[in-house]
1. What number do you get for the protein assembly as shown when its Cα radius of gyration is normalised by 2.2 N^0.38 Å, N = residues?
2. So what is the relative contact order of chain A, in percent, for Cα pairs below 8 Å that sit 6 or more residues apart?
3. Could you state, as a whole-number percent, how many of the C-alpha pairs of chain A are farther apart than 30 Å?
4. Fewest Cβ neighbours within 10 Å first, please rank B:292, B:25 accordingly.
5. Between 0 and 90 degrees, rounded to the nearest ten: what's the tilt of helix A:167-184 against the longest Cα principal axis of chain A?
6. Taking the DSSP beta bridges in segment A:53-204 as the whole, what percent of them are antiparallel, to the nearest 5?
7. With n ≥ 4 as the cut-off for DSSP H runs, can you work out [θ] at 222 nm for chain A, using -39500 (n - 2.57) per run divided by the number of residues, rounded to the nearest 500?
8. Quick one: the Cα spread of segment A:136-229 along its three principal axes, in angstroms, biggest first?
């Protein structure tokens, strides 16, 4: 167990493409860090650089107090869980878990002890003599985790480990991973493109876009105060509503014909983007409504319903309680305390 | 009345009959093609076998035989155990042993060399790696027959004529094998390689612990192909071995017909018997390993 320090790391591929640019991140001992972003944002490349599977073009990666740029993956004191499990198909579950330890010339009794311990934690006792193909997806994923656990590494690296599982299992495994990490207290870096997974697992969330860090923070912090338009639209489901607006410099915003007072301490003028989560838009009677939503379709989620439509010609989604009646046109009011303002040109939070 | 009755019977019976057994002409056609194809391939072999059980005079007078004769034990005994040739040192058993050595040595050698070549090409970045692969690949255009003179020259100058080494080693380099193993290795997921790296398996360990077991079926398939190919070699052994102690079965067939030509009737029966014997081991290998063979070339256990 050790802190991980990523300092000004960049990665250029031979083709000249820059996958990761100037990323710095301090990960505390025992922290669960989730790297999240759309595909191609460089999150996997960053993880693979920590693992040593990808060379580092610039900057340094340190695990504990040792800079590991030129250290072989086997000697970095890490363990990695892959998306497709990457179990050795011809080995039994037991040998799969023990393989890395055998290669380290560890004493057999110690290997047995660790495998027994890991399989007990992961409820794999009954499957130790099976081959991976005789296991279900969830069990295979647990074996892959077992292989990581027995190493007792300084740091776990997860590369989208749940993406190959079906939705229900994914939720179960998510919980298991979280509990396991708590229990073992091992520093973990977890890569995913699923913002739900990111929110639920992370101690701290790192949102990446185009090879750069957009925002680092606790899930709630990132959710409540997105640092940029990108983070605002990426984190949260259903997605945040974003409108083009214009500030008049006197504390009011105009979206089309609609005028909204914003609670910002500074007056805003010129072109801005405003964001508001679907749950902070409220259906309103004609008198108190800010504007009118022209409804296009309704999604039923069971616990609530999402009403999609256009507000002043811009796409808008409204989340209401299940069973709330939807009309062709609905009055909508915005809770100005929940408004997010972003610079129209840079996309940064105002 | 009767006519009407019959008709109603037909009408009533027809659906039931059709339900029970409908002749699918497509399937009949498929089977016909398969049966004809099988016959074309099997009948000559069966004829050769049946003919080989007759005595020489009958064969010489009446040609191919369609019924079994009574000379089975004698012909096959002669072929296997009676020494023949100029030196009288070679019999069917020694030739079979020679053929086996050639076939197995050939197959094992080819697999080892091509697997290692493919391993280097797929997993190591070295200058001109791709170029090296395509160089190997273009040797497909240069089969043994084309380069037989230089090959002979080299083997002869090394003093390897009339040795098993001279018989096997020059034939071992295999573009086909390298190509197949390369394609197979390329289909092994990268994550497996990476997992092994993190697990501390070096290049040799990865090859032996992971790649070799994964390639089992592929190796079996290659073994079958290469064994049959080596077993059936004719031109090269003819050139390299003049000592009858190194003769293979395939060569022996010709020898039987040639050596006893004179005022005697050629030993057609024995030649056929030897041909049948020469055919058996490859057939046995293919029959026994056919499931592996298909598996190796089609599915991947990864």
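The numbers here are math on the coordinates, done by the rules we state, and not lab data. For clarity, every value in this text was computed on a predicted model and none was experimentally measured. With ideal geometry, Cβ positions are generated from the backbone for all residues, glycine too; neighbour counts draw on all protein chains shown.
1. Output field value: 1.47.
2. 16
3. The answer is 48 percent, as a whole percent.
4. B:25, B:292
5. In chain A, helix A:167-184 runs at an angle near 60 degrees to the longest axis.
6. Antiparallel bridges make up about 20 percent of those DSSP assigns within segment A:53-204.
7. -7000 deg cm²/dmol
8. Its Cα atoms span 40, 30, 23 Å along the three principal axes.
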